[in-house]
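Peer 1: First the structure, which I've put down as structure tokens, then a few questions once you've had a look.
The values are calculated or read from the model by the stated rules, or taken from the named source; none is laboratory data. Only a predicted model underlies this, so the values are computations on that prediction, with no experimental measurement involved. In this analysis, Cβ positions are derived from the backbone assuming ideal geometry, glycine residues included, and neighbour counts consider all displayed protein chains.
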Amino acid sequence: MEQTLQAAAVQFNLALGNVDANLVKALAGLRQAQAAGARLAVLPEMWSSGYDYRRLADLALRTPDVIARLCDFSAESGMVLVGSLPEKDGDALYNAGCVIDAGKVVGRYRKLHLFSTMGEDRFLTAGDHSLVVDTSVGRLGVAICYDLRFPELFRKMALEGAEVICLPAEWPKPRQEHWRTLLRARAIENQLFVAAANCCGIQGKLDFFGMSLLISARGEVLAEGGETDVVLTATFDRAEKEEYRSQIRCFFDRRPEIYGTLP
């Protein structure tokens, strides 16, 4: 495994319910990330459709074709791709994170925490397991948007050996500081890298601020997006991560016999 990993976050304004337009934008962003030398790229949450709840079941039928296009790009580029898409399974709809490596889907994650404030739980079914998966660029954990507010999930992934957390999101105004603070906290407390891709622009009544982030294992912001379409890239340094873990020995100093199992 190489000592450094060039990572990217592809941030763009989603066209609500327009799979074809979103696919064009996503592939253009991925090509830009490839040109910048990225080996790992993260796309936003539900990036093919947005939260077009009234048509989501129909839009989810396009997801297999969308994944096939990403698999083709991954095979051609050698990149690992992570993003969240609507997934239909029987009568259930999921917000599903997909990890693609060497042209194949190597991991699927269904969003565990549904944002009841915005009615996600009325339209979607929650997943029932976390995901940490080995890829050609390292061991990746996946979380989606609202999951960020549940640190237990991130500690579990860290203990399972995740070195990068990939987090697609549709995180709206006015909670920008929560977004930035929580992402940095998850990196700092687990001493791992975070690659978070948010969308931008206005969808219906919601204004999405972008601010995608690539964060070091020390919690340093390596790259940060504004409020418009952008492709961010940064270098994750594994040697620096290991040196930091040897200096601040959080995992060695844990007391799981006291708090390892919580009610």
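Peer 1: Can you name the residue in segment 88-136 that is hydroxyl-bearing (S, T, Y) and touching a residue at least 12 places away in the same chain (Cβ under 8 Å) and is also farthest from I165 (Cα to Cα) among such residues?
Peer 2: The selected residue is T125.
Peer 1: Under 6 Å between Cβ atoms, which residue pairs at least 6 apart in sequence (or on different chains) link something in segment 162-180 that is within 25 Å of V132 (Cα to Cα) and among the small types (G, A, S) with a partner that is assigned to a loop (DSSP other than H, G, I, E, B) and at pLDDT 95 or above?
Peer 2: A169/E45
Peer 1: Helices (runs of 4 or more DSSP H) wholly in segment 165-263 with at least 2 residues that are modelled with pLDDT of 95 or more - which ones? Let's see the steps before the verdict.
Peer 2: Working: elements: 176-190, 238-247, 256-259.
Once the helices (runs of 4 or more DSSP H) in segment 165-263 are filtered for at least 2 residues that are modelled with pLDDT of 95 or more, what remains is 176-190, 238-247.
Peer 1: Same structure, new question: Give the residues of segment 34-72 that are surrounded by fewer than 22 Cβ atoms within 10 Å (Cβ to Cβ), closer than 14 Å to N22 by Cβ, at pLDDT 95 or above and among the acidic types (D, E), sorted by residue number.
Peer 2: Passing the criteria: only D65.
Peer 1: So if I check each of F236, F150, F251, which one is buried (at least 19 other Cβ atoms within 10 Å of the Cβ), at negative phi and either of a type in the set (D, E) or in contact with a Leu (Cβ under 9 Å, 6 or more places away or on another chain) (or both)?
Peer 2: Details: F150 fails: buried (at least 19 other Cβ atoms within 10 Å of the Cβ); F251 fails: buried (at least 19 other Cβ atoms within 10 Å of the Cβ).
Unique residue meeting the criteria: F236.
Peer 1: Specify which of the listed residues (V221, V230) is closer than 30 Å to Q203 by Cα and touching a Phe, Trp or Tyr at 6+ places or on another chain (Cβ under 9 Å).
Peer 2: V230
Peer 1: Being over 13 Å from the mean Cα position of the chain (by Cα) and more than 19 Å from L14 (Cα to Cα) is the filter; apply it to segment 187-214 and report the residue that is surrounded by the fewest Cβ atoms within 10 Å (Cβ to Cβ). If you could, list the steps in order and put the result at the bottom.
Peer 2: As a first pass, look at segment 187-214 and keep what is over 13 Å from the mean Cα position of the chain (by Cα): 187-192, 200-211.
Filter again for more than 19 Å from L14 (Cα to Cα), leaving 187-192.
Working: A187: 25, I188: 19, E189: 14, N190: 24, Q191: 21, L192: 24.
Per the stated criteria, the residue is E189.
Peer 1: State yes or no: is R139 of a type in the set (K, R) and more than 18 Å from W47 (Cα to Cα)? Give the steps one after another, and end with the answer.
Peer 2: Working: of a type in the set (K, R): yes; more than 18 Å from W47 (Cα to Cα): yes.
It is true that R139 is of a type in the set (K, R) and more than 18 Å from W47 (Cα to Cα).
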